[in-house]
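Here the structure comes first, spelled out in structure tokens, and everything after it is commentary.
The values are calculated or read from the model by the stated rules, or taken from the named source; none is laboratory data. Everything quoted here is computed from the prediction, not taken from an experiment. Every residue, glycine among them, receives a Cβ derived from its backbone with ideal geometry; neighbour counts consider all protein chains shown. Protein only, heavy atoms only, side chains kept; ligands, DNA and RNA dropped before computing areas. Shrake-Rupley method; radii C 1.70, N 1.55, O 1.52, S 1.80 Å.
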Amino acid sequence: MIDLIYFILIAYGLTQILCYGKIFDKIRPTVGFFGELFRCSMCVGFHVGWLLWLVKPLTNLYHFDNSILTAFLLACL
């Protein structure tokens, strides 16, 4: 249960930083496909979710199985 809470907090924070953080204002795309993507926190959140699932072997903060269904569900979360 605590793994899920850590995952949610990390995904939420990273999504907010990527979408709205001033630190990325100069490098965040504003036009085209990626410009559209970075204006949508739901889109960025989805991709943050599966990327966090992908890098799970590099951290001890959360542990989930290796199934593609788990990756999809965590991305949707």
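Laid out as a table, the results:
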item: Those residues of region 49-71 which are of a type in the set (S, T, N, Q) and either under 13 Å from Tyr6 (Cβ atoms) or part of a helix (DSSP H, G or I) (or both), in sequence order; result: Thr59, Asn60, Thr70
item: Any hit, region 33-48, residues being hydroxyl-bearing (Ser, Thr, Tyr) and part of a helix (DSSP H, G or I); result: yes
item: Failed item in (1) surrounded by 12 or more Cβ atoms within 10 Å (Cβ to Cβ); (2) within 10 Å of the chain's Cα centre (by Cα), with Leu61 passing the rest; result: (2)
item: Residue that is most open to solvent (accessible area, probe 1.4 Å) [pool: residues in region 22-58 that are of a type in the set (Phe, Trp, Tyr) and within 11 Å of Leu74 (Cβ to Cβ)]; result: Trp50
